[in-house]
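Written out below as structure tokens is the structure these notes cover.
The values are calculated or read from the model by the stated rules, or taken from the named source; none is laboratory data. Computed from a prediction, not measured in an experiment: that's the story for all the values here. Quick reminder, even Gly has a Cβ in these numbers, built from the backbone with ideal geometry, and neighbours come from all protein chains shown.
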Amino acid sequence: MASEIKEGTLDLINHLPILQVITPMLIAPILVVLNNKTLSWLLSFLGALACLFISVLLIQTVSDGSTLTYSLGGWAPPIGIEYRIDAANSILLFLISIISVIVLIFSYSSLHVEIPEEKHTLFYACFLLCLTGLLGVVATADIFNVFVFLEISSLSTYVLVAQGSYLDRRALSASFNYLIMGTIGATFFVIGIGYIYMATGSLNMMDIAERVSELGDSRTVQAGFAFIVVGMGLKLAMVPLHVWLPNAYTFAPTVVTCFLAATATKVALYVLIRFVFSVFNYEDSFVNELFFFLIMPLAIIAMIAASVIAIFKQNLKKMFAYSSLAQIGYMLLGLSLVSEKGLASSLVHMVNHGFTKAALFMSLGAFMLNTKNVYINSLQGLGRSMPFTSAAFVIGGLSLIGVPGTAGFISKWLLLEAALGSGYWLVAVLIIVSSLFAVIYIWKIIEVLYFSESSESYSEVNVLTLTPIWILSFFCIFLGINTSLTVEVANMAAEILFK
Amino acid sequence: MKHHLILKVITKFMVGVIVLFGLYVQFHGDYSPGGGFQAGVIISAAFILYGIVMGLKNVQKVMPVWFAQKAAAVGVLVYALTGVFSLIFGFEFLNYHAISPEHPKHGQHYGIILVELGVGITVSFVMIAIYYSFAGRTPRLDDKEW
Amino acid sequence: MKFNPFLFFEKSKRLRALLIAFIILCFILFAIDFFVERYVYFEIERVYNFYSIYGFVMFSIIIFGSRLLRSLLGRSENFYDKKAVDSEDYPGMKEK
Amino acid sequence: MLATLPLPFYFLIGGLLSIFLPKGVIKSSFVCLVPVLALIALLNGTWDQGFKVQFLDLELNFMRVDKLSTVFGIIFCIAAFLGNVFAFHLRESTQPFVALIYAGAAIGAVFAGDLITLFVYWELTALSSVFLIWARKTEGAYHSGMRYLIIQVLSGVILLFGVALFYFETGSISFVKMQLGSLATVLIFIAFGIKCAFPFMHNWLQDSYPSATITGTVILSAFTTKLAVYALARGFPGTELLIYIGAAMTVFPIFFAEVENDLRKVLAYSLNNQLGFMVVGVGVGTELALNGTTAHAFSHILYKALLFMSVGAVLFRTGTSRASELGGIYRTMPLTAIFCLIGAASISAFPLFSGFISKSLIMSGAGKEHYQIIWLILVFASAGVLSHSGIKVPYFTFFHHDSGKRPSEAPAHMLLAMGLTAILCIYIGIFPNNLYALMPFQVKYEPYTFEHILTQLQLLCFAILAFYILSKLKQLPSETRSINLDFDWTYRKLMPSVVGKLLLFLELIEQRGLKGFNKFLSLFMDRIYQVSGPEGILTRILTSGTMVLFIAIVLLVVLGIILF
């Protein structure tokens, strides 16, 4: 708590919320100054590790339902920038940190293939900035600060995606498209913030929430909300606004794809959740109507259509990019139920899908180290020559489908429970149908991996590459068996948000 | 640009003045309109002007690429370390009181100057770096190949 | 083969003896029904030699019924697909 | 510690360990040992409190041990042991591994105290067993396995949905007796029905079992369907609908089995017919009938495995299991022939064999409840069993006209497996009380009464007589290489062709439609960008442009919804 800080004594425990964000931010410029390839890997890895450590401490502190606040520069909240950690964002901080650690382990060997050597330092610096941005968005309780961090992460993401141009020039146009869409999204977002500031004169979430409820039915606030929903819809790739995502994921370097797929869209979704529940009042009719008439149909369309499209994609990165769209559909669906259970399922799915998708993309990346491309045909027979990678891939795939015993099952089960609990029978059926589509496209790959003869023989990738893949696969299973971390924290978070 | 003698001469005069003006904006940022961002842009404008008139090679003699990149990073570091400084002394991040606990107002003053300095350095060198990468870009592909 | 009871019956005389024994058994079973009072669940069981008759008739019905079934539904082995499992040989098994 | 470990984990852990063992005798011995250990653990284990695990807000019970589940657990362990002994010769990794996992999943499902655990193991049986089919490694087997997998997984999905609904209706997930009536229980019923091969859902059985490997079929035959019978006995005892379903199941496979050429398929149909008896027993639902179902499942697993083993051994030696290509093999495979005859006698319910003492429980159960038509059907079906499994399988395999094949006797481990099974069949037949003691309810039943033996012999002998006469008259269906259409025609022939045509149609529409749409779009865009440069640039702007157009539309919609 802010008041607990005793001035003049060094007590880092009280500074955890800010340390979480500035650790990578501090390391990024140091990397550029040092300009050494190996050292920058090591430093970023250590930085990410520190973030992970901090996020674990944070999650422990807030897992009893308490809230941790931190005022930047010593200025008290409504005026100064406030960082606010509760169950909802601590779980995301954890997700982002751990994924970044794992992804960095993987990058040690994969980056040599995908990015020219002289750019490695800058790549890591960019990566850390992206990490800073994502962590900042999640940690802060100041809406303009959200925008700033969102831009930090987005701008560095554009750069990271463009790095794929070393292998495939199309990464440039993908990145450019992403840039245009992302910028429009950010603009909309900032317009929304502007409207809110206009109506309430405040930028602090808690403060706004109070003032909004005092204002009553304000057109300005409602228009602001509309802009924020569309802006965040763009960032989180809600279905008609998703056009940037498949190409960005496909052509970005594996490391980036893993990281983005696991974190970036989730963070945008988190912002949306935050705004709906902490800034606006979810009981207001305009929020409910929007969710019922727009977000839910769009989420369902995403779930079904994106899964169907994924089935027909030959490029596996693209296939999983579309599958990500479908999964985002699940999360949006959970949110659009506007119930505690639905929200909890959304949060759990964010984490579970983060691990699952990272595992899938990373094992694809490992395949790619050998095959140089990820067209489905080039994976023929790899199940035998790369048994460990393939096994990890299968685990990830099972989790994506939602097979019991894997993380994916937990979140789908919760979502089903929530949908049925709200009385949407048809939605529940559609969730299952969409899972069946997932079975089809995962099966297609398994078939190629294990049931066809390979024309070329490859060797298994090295241990350092395998380790992160298996850590992720382990999480896919671990989170399916031990749900105390995810489900309990998510329930707590949903409870807090619904207060 | 051999024959653009006037431009060249004027530029040599202007560069110093622009930088000076930039520094003015920088250090008066806490009293008058201005601050690190504006100052950074103004200072970088001096280098960019020099580059446009004298050519990329010449400006890069004055300001090498590696230096621009690293200096930009150093700017961020100045900013961040100011914050960490107060953090180490047991205040909140970016709480300038830490710089001079006895006289908090002085602390505020120094703190803002430091932070603005960081911003100014970063912005100016980032601008320069952006100019370099645009100006130094030679298309790897012919138009036909697109 | 050291032990093979079936070869014992390969001679047609012995096989015939076996057959005759079986027919005698059937006759005994048929006849014995005269003397037995059976506990029954249903009245129909009281019909004289119900089980024998039922067994005989039903077996015949099964045979003729299945022939009818085949004439209606029988198809060649590769009806579904040339490589369907129905028509393929067990792999890796050369006749020994 | 070991005693409290849930039973399926023995198999799952054993299966995982087996991967790391060297292929050969060690691995084969190990996979035989695992079921034995599990059986010992089951007989000595103490799971009075169950093995409860908290999962989300649900309490799962991995080990609900009562008499009903124990019987099935015991027979599944025995079946796994026998199957693995039969497969001792395998020198590969997949099948021994999968066999253990499959058995473990089936046992796990049997001991599942709640529906979630049941569902998990339910799906695991499907996912593991399909590899026993794919291990045949032919294209046909692959497709057959795929069909099997789809149907089995479908059953699981329906089950999951039913369970979810059930949970919301009742707030409980414990697996206890249910009433048909709500959508939830109907879905669960259907899921059980698919696995139990109810009519029109049965074809996966006849499709997949003959497509599996020699050893795979033996293992497959024991678990999946009997698991479904267990689930029905646990969940829907006394559901009258089951009586009629079961009766239908006993009748129609008889005719198919009679004309089927592939002997393993004959046995698959016969399996279906036997399941019918069990289902009737569940439907009648009295203590006697449920005992009958349980006992019949127990003895059925043994003699069906024995029959599959003997046909498998022949297939192993000759390379074919087609009736049209076999015959006269008794000369060189006498032991196999004897074991086959024991299996045939057991399934036909000759006195002193296991079928006799278990099937009569069901018949008496139905009789006592005065289901006359059903009872007549069951008697008819008994004659039918004799016709295909009792006579056709051994006759066409070993006796009949000489095919000229002179294979050597089955390998020792197969003989051992068959011998053990045969001994069990006879042992149960002679000492039925040992089996009855295991039954879920107290049994006071004496199968060996004079009249019972007499009527059964009358039935069987006169059926055999009919066979003899008809064969002399050359009225038996001839064995030719052919297949018979069954309900699988709908999804192997009808559906693909319909879907194919539909897809063609859709493609046509899509092409036409897209063309039209494109035309419209390009006209529209041409207007807007009339002055823009060449085509290439135009299209590039178009993509970014349409994206932004989307954004604008969405914004308008959102604003519209919120503000009005």
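Okay, here's what the table says:
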read-out: Test: residue in segment B:66-75 that is modelled with pLDDT of 90 or more, over 17 Å from residue A:35 (Cβ atoms) and in contact with a Gly (Cβ under 8 Å, 6 or more places away or on another chain); value: no
read-out: Residue in segment A:83-93 that is aromatic (Phe, Trp, Tyr), surrounded by fewer than 21 Cβ atoms within 10 Å (Cβ to Cβ) and under 30 Å from residue A:498 (Cβ atoms) present; value: no
read-out: Any chance residue D:523 is loosely packed, with under 14 Cβ neighbours inside 10 Å, at pLDDT 85 or above and of a type outside the set (S, T, N, Q); value: no
read-out: Residue count, segment A:69-82 (criterion: part of a helix (DSSP H, G or I) and either crowded, with 24+ Cβ neighbours inside 10 Å or touching a residue at least 12 places away in the same chain (Cβ under 8 Å) (or both)); value: 1
read-out: Residues of segment A:373-405 satisfying the condition of being modelled with pLDDT under 90 and buried (at least 21 other Cβ atoms within 10 Å of the Cβ); value: A:374, A:379, A:382, A:383, A:386, A:402, A:403, A:404
read-out: Hits in segment D:392-409 - residues which are over 24 Å from the mean Cα position of the chain (by Cα), under 18 Å from residue D:466 (Cα atoms) and assigned to a helix (DSSP H, G or I); value: D:395, D:396
read-out: Members of segment A:459-499 that are surrounded by fewer than 17 Cβ atoms within 10 Å (Cβ to Cβ), of a type in the set (Gly, Ala, Ser) and within 14 Å of another protein chain (Cβ to nearest Cβ); value: A:484
read-out: Candidates C:9, C:30, C:56, C:50, filtered to the one that is without any contact (Cβ under 8 Å) to a residue 60 or more places away in the chain and over 30 Å from residue D:373 (Cβ atoms); value: C:9
read-out: In segment A:441-458, the residues that are more than 10 Å from every other protein chain (Cβ to nearest Cβ) and outside any loop (DSSP other than H, G, I, E, B); value: A:441, A:442, A:444, A:445, A:446, A:448, A:449
read-out: Selected residue (criterion: nearest to the other protein chains (Cβ to nearest Cβ)) from residues of segment D:319-335 that are in a helix (DSSP H, G or I) and charged (D, E, K, R); value: D:331
read-out: Check on residue D:316, buried (at least 24 other Cβ atoms within 10 Å of the Cβ) and part of a helix (DSSP H, G or I); value: no
read-out: Selected residue [within 14 Å of chain A (Cβ to nearest Cβ) and at pLDDT below 65] from D:546, D:539; value: D:539
read-out: Members of segment D:41-53 found to be under 30 Å from residue A:414 (Cα atoms) and at pLDDT 80 or above, listed by number; value: D:51, D:52, D:53
read-out: Residue in segment A:6-13 that is under 10 Å from residue A:70 (Cβ atoms), facing chain B (nearest Cβ under 7 Å), modelled with pLDDT under 90 and surrounded by 14 or more Cβ atoms within 10 Å (Cβ to Cβ) present; value: no
read-out: Qualifying positions in segment C:43-60 - surrounded by 14 or more Cβ atoms within 10 Å (Cβ to Cβ) and more than 30 Å from residue D:477 (Cβ to Cβ); value: C:45
read-out: Test: residue in segment D:25-41 that is touching a strand residue (DSSP E or B) at 6+ places or on another chain (Cβ under 7 Å), surrounded by 13 or more Cβ atoms within 10 Å (Cβ to Cβ) and not hydroxyl-bearing (Ser, Thr, Tyr); value: no
read-out: Residue selected from segment C:50-87 under the condition closer than 28 Å to residue D:449 by Cα and more than 7 Å from chain D (Cβ to nearest Cβ), by the criterion nearest to the chain's Cα centre (by Cα); value: C:57
read-out: Residue selected from segment A:201-225 under the condition small (Gly, Ala, Ser) and without any contact (Cβ under 8 Å) to a residue 40 or more places away in the chain, by the criterion nearest to the other protein chains (Cβ to nearest Cβ); value: A:223
read-out: Complete set of residues in segment D:462-518 that are surrounded by 14 or more Cβ atoms within 10 Å (Cβ to Cβ), out of contact with any helix residue (DSSP H, G or I) (no Cβ under 6 Å at 6 or more places or on another chain) and modelled with pLDDT of 85 or more; value: D:464, D:468, D:471
read-out: Matching residues in segment A:414-434 - criterion: being facing chain D (nearest Cβ under 8 Å) and surrounded by 23 or more Cβ atoms within 10 Å (Cβ to Cβ); value: A:414, A:416
read-out: Unmet requirement for residue D:214, which otherwise passes all of (1) within 14 Å of chain C (Cβ to nearest Cβ); (2) surrounded by fewer than 24 Cβ atoms within 10 Å (Cβ to Cβ); value: (2)
read-out: Any pair with Cβ under 8 angstrom, 6 or more apart, that starts in segment A:33-62 at a residue that is at positive phi and ends at one that is hydroxyl-bearing (Ser, Thr, Tyr) and surrounded by 20 or more Cβ atoms within 10 Å (Cβ to Cβ); value: A:35/A:121
read-out: Residue identified as among the β-branched types (Val, Ile, Thr), under 25 Å from residue A:31 (Cα atoms) and in contact with a Ser or Thr (Cβ under 8 Å, 6 or more places away or on another chain) among B:41, B:62; value: B:41
read-out: Selection status of residue C:38, facing another protein chain (nearest Cβ under 7 Å), under 25 Å from residue D:493 (Cα atoms), surrounded by 15 or more Cβ atoms within 10 Å (Cβ to Cβ) and of a type in the set (D, E, K, R); value: no
read-out: Evaluation of residue D:368 against (1) more than 9 Å from chain C (Cβ to nearest Cβ); (2) surrounded by fewer than 24 Cβ atoms within 10 Å (Cβ to Cβ); (3) touching a residue at least 40 places away in the same chain (Cβ under 8 Å) (one fails), failing number; value: (1)
read-out: Which numbered condition residue D:451 fails, given (1) within 8 Å of chain C (Cβ to nearest Cβ); (2) touching a helix residue (DSSP H, G or I) at 6+ places or on another chain (Cβ under 9 Å); (3) modelled with pLDDT under 90; value: (2)
read-out: Residue list for segment D:251-294, restricted to those being more than 12 Å from every other protein chain (Cβ to nearest Cβ), assigned to a helix (DSSP H, G or I) and among the polar types (S, T, N, Q); value: D:270, D:272, D:274, D:291, D:293, D:294
read-out: Filter result for the condition that a residue is closer than 30 Å to residue B:135 by Cα, within 14 Å of chain A (Cβ to nearest Cβ) and crowded, with 20+ Cβ neighbours inside 10 Å, over B:83, B:75, B:40; value: B:75
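Every residue, every condition in (1) within 30 Å of residue D:290 (Cα to Cα); (2) more than 8 Å from chain C (Cβ to nearest Cβ); (3) basic (Lys, Arg), yes or no:
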{"site": "D:360", "(1), (2), (3)": "yes, yes, no"}
{"site": "D:377", "(1), (2), (3)": "yes, yes, no"}
{"site": "D:382", "(1), (2), (3)": "yes, yes, no"}
{"site": "D:405", "(1), (2), (3)": "no, no, yes"}
{"site": "D:410", "(1), (2), (3)": "no, yes, no"}
{"site": "D:415", "(1), (2), (3)": "no, yes, no"}
